[in-house]
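Following: one structure in structure tokens, then a few remarks.
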Amino acid sequence: MCDNSLRIALDLSCAFEGALTGVGYVALHQARALMHLNEDLDLRLFATRARGIELPEDLEAGFTRTAVFSNARRLKIALWARCNWPPIEWFCGSVDAAHGLFHLLPATVRARRIVTIYDLVVFRRPETHTASTVRTHKRLLKHAARHGDALITISESCRQDVLEVLNAPPEKVHMVPLGVCLEDFAGPLDEDILARRKQNLGLTGAYWICIGTIEPRKNLCRLLEAYRRIVDRFPECPDLLLVGRRGWFAEPVFEAIAKLRLSRRVKYAGYLPRPDVILLLRGAAACLYPSLYEGFGLPVLEAMAARVPVMTSNAASMPEVIGGHGIVVEPEEVDALEWGLEQLLTQPAACEQMAERAFVRARSLTWENSAKRLLDVYRAVCGEHTSRWT
């Protein structure tokens with residue numbers, strides 16, 4: 001690595017502060033992709049982590065310096081968001097920029113300050129989150145908009161939200177789309193392992209899959225009502241598999257399953273290891289993602305990479321991600337959700353054709369391309385500020 005390398009500190013705390021979910025996966029994939037760009041890039045790691053969570057060896061080896069602290073998340077948020085202290089340079093050395101991978105703007109002395117904004121759900125749909133989450137993230141996002149040198153959004157829809165809601169200067173807001181690991185979905189599907197996983201989950205035939213934390217934003221109660229109608233009309237329709245941890249306000253979903261008499265048709269897998277999620281997604285007849293609001297909607301892109309037909313909503317970023325190659329419905333209308341499910345059942349050839357076109361689109365949305373866009377932002381933000389280290 002040459003002396004003129006661009007020095008970037010990454011706050012990857014979101015990948016190590018609990019069970020790995022969407023935001024953590026994104027942070028890890030982007031960090032690894034940055035490491036493999038073969039550019040003059042000197043990456044330093046900063047993270048707070050929960051007890052018992054270790055850093056992957058391959059990831060740690062890619063940083064020239066690491067600073068990881070246990071059980072310091074709340075203290076870090078309080079100090080960085082209120083006091084801009086302690087500066088990240090104390091832990092990572094002198095750097096050109098510090099990038100917070102999830103809503104929290106790092107504290108610095110001289111380095112440029114960058115933050116990734118995943119969504120503005122706490123402004124757009126606050127009723128879908130807890131009051132404490134809404135308060136915290138509103139404060140972090142407003143702080144980032146006021147003090148950040150660059151705000152990175154993960155879709156154009158999210159970018160427009162940032163411009164409108166946070167009133168951020170357009171020149172500070174950069175869109176860097178997420179990516180997908182195409183190799184995760186390549187090669188033949190192991191039917192034997194899939195059959196065993198299905199048996200363990202009580203699935204006996206075809207199934208539709210819905211991936212994500214069980215929480216109000218995912219719109220599962222309306223989906224279940226639409227699914228009940230479809231089961232009544234088409235008893236041979238696929239079962240429904242829910243994959244994801246129980247989140248906030250999850251109880252109504254399980255109450256709806258019981259009330260709608262769907263316990264034999266709807267299976268809940270809970271939180272699963274990543275390989276199992278990929279396997280079950282690849283084996284599904286369709287992916288259902290009728291979310292009320294998303295900054296991107298990564299399961300949609302992963303279903304596209306798996307050549308699995310998608311039904312998603314017409315809200316926020318989802319139409320942008322699917323690019324017209326899936327069934328798009330109004331998420332707050334049960335009739336619309338029912339119509340979408342009916343299309344999956346009655347128009348299989350058209351759905352397969354859409355899935356093939358969606359796969360072609362997914363091939364352009366890789367983590368390598370995402371990392372290249374990130375590097376462009378780093379260079380633009382640092383500019384003449386970049387020091388020439390000796």
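The values are calculated or read from the model by the stated rules, or taken from the named source; none is laboratory data. What you see is a predicted model, and the numbers here were worked out from it, not measured in a lab. We place every Cβ from the backbone using ideal geometry, glycine too, and count neighbours over all the protein chains shown.
Of the residues that make up the stretch 171-193, is at least one β-branched (Val, Ile, Thr) and within 30 Å of Arg74 (Cβ to Cβ)? Scanning the stretch 171-193, I find at least one residue that is β-branched (Val, Ile, Thr) and within 30 Å of Arg74 (Cβ to Cβ), so the answer is yes. Of the residues in the stretch 195-218, at least one is in a helix (DSSP H, G or I), without any contact (Cβ under 8 Å) to a residue 24 or more places away in the chain and either among the charged types (D, E, K, R) or surrounded by 17 or more Cβ atoms within 10 Å (Cβ to Cβ) (or both). Cβ-Cβ distances below 9 Å connect the following pairs, each with a first residue in the stretch 52-74 that is among the basic types (Lys, Arg), a second residue that is surrounded by fewer than 16 Cβ atoms within 10 Å (Cβ to Cβ), and a separation of six or more residues or different chains: Arg65/Gly93; Arg73/Ala50. The residue list Leu223, Leu240 contains one member that is in contact with a strand residue (DSSP E or B) (Cβ under 6 Å, 6 or more places away or on another chain), at pLDDT 95 or above and in the same structural domain as Ala306 (by TED's automatic domain parsing), which is Leu240.
Only one entry in Arg361, Arg388, Arg373 is of a type in the set (Lys, Arg), farther than 30 Å from Ala98 by Cβ and either modelled with pLDDT of 95 or more or surrounded by fewer than 18 Cβ atoms within 10 Å (Cβ to Cβ) (or both), namely Arg361. Applying the condition of being of a type in the set (Ser, Thr, Tyr) and modelled with pLDDT of 95 or more to the stretch 68-125 and asking which residue is surrounded by the fewest Cβ atoms within 10 Å (Cβ to Cβ) yields Ser94. Can you tell me which of Leu28, Leu20 is under 21 Å from the mean Cα position of the chain (by Cα) and part of a loop (DSSP other than H, G, I, E, B)? From the options Leu28, Leu20, the qualifying one is Leu20. Might you let me know whether the stretch 24-36 holds any residue that is touching an Asp or Glu at 6+ places or on another chain (Cβ under 7 Å) and either of a type outside the set (Val, Ile, Thr) or surrounded by fewer than 17 Cβ atoms within 10 Å (Cβ to Cβ) (or both)? Yes, that holds for at least one residue. The strands (runs of 3 or more DSSP E) found entirely in the stretch 55-125 that carry 3 or more residues being under 22 Å from the mean Cα position of the chain (by Cα) are 97-100, 112-117.
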